[in-house]
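Take a look at the structure set out below.
Since every read-out is calculated from the coordinates, none of them should be taken as a lab result. Not measured: the values here are computed from a predicted model. With ideal geometry, Cβ positions are generated from the backbone for all residues, glycine too; neighbour counts draw on all protein chains shown.
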Amino acid sequence: MSGVKALVRPVWRKVAERAAQAYVAGSSVNDAVRVGRRWRGRRVRTTIGFWNDGEDPAEKVQRETLKCVGALERCLPGGYVSIKLAAMGYREDLLRPILVRAADAGFRVHFDSLGPETVDRTNAVIDHALELHDDLGCTLPGRWVRSVEDAEVAAGKGLAVRVVKGQWADPEAPQRSAHAGFLEVVERLAGRARLVAIATHDAPLAERCVRLLQAAGTDVELELLHGLPMRKALALARRRGVPIRVYVPYGESWLPYSLDYVERHPEVVFWLVRDVLGA
């Protein structure tokens, strides 16, 4: 199997890099800043983050994340940085300088989600990170059954929570509806969390969640991914008076399409074809 992967990897990488271009601002933090400034001109805040290519060492991911921190300090007030802890090897020694600088500058550090197998290690790091910085966030995918209980835990810790439908299926409940799960997580956060970011381009679902959170008196914002259609979601945000944020990743990422992930999650092949064709 390793021989087959070695032969396939170069071709797969080229195709995957093309698919990932739909979402990334460019290859450098300056590209993310350029896009972020454009959104700032429209009174939209941003999230920036480095998307590694699956082969970058943890130290490079840290260096790039520190560049994000510097860019936020200089150019993008009101923004925050997103981190994939798995890409940093869950190393708290690498995370510490990021947390200290972010705390000094007064902006949030957010921990993205990847596969279900990463959650427990990420949560353990967050517990320690809270000793250095009290403005942290996490992502909860609606497709995972555990996210409902994780929502209550995150709210109890004072985390800002970004809710997504999620790419990876729950191995314990592979048929779980991402739509229904998303709503269930939001319901658990309503009236409990200090801030909920509704991260979906599904405008009807977003509106239902925004209404629910507003009725519960919970601060809410709409967070959209750079590169995806936004017209309906932006109209919803204006109509409901909800702040808008755009997540602007950069890098030469093909992480969502890595061969190692494909072995565990064959559905990635569908996403790859969809993103290459722009479907």
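Loop-located trypsin sites (Lys or Arg not before Pro) in region 41-105 (DSSP state other than H, G, I, E, B) with a sparse environment of at most 14 neighbouring Cβ atoms within 10 Å: 42, 43, 91.
Which of the three applies to region 37-94, rounded, prolate or oblate, going by the alpha-carbon gyration tensor with a ≥ b ≥ c and a/c under 1.5 meaning rounded? Taking the square roots of the gyration eigenvalues as a ≥ b ≥ c, region 37-94 is prolate. Considering all different alpha carbon pairs of region 101-215, the Kirkwood hydrodynamic radius works out to 14.3 Å. From the alpha carbon centroid of region 82-113 to that of region 195-257 is 22 Å.
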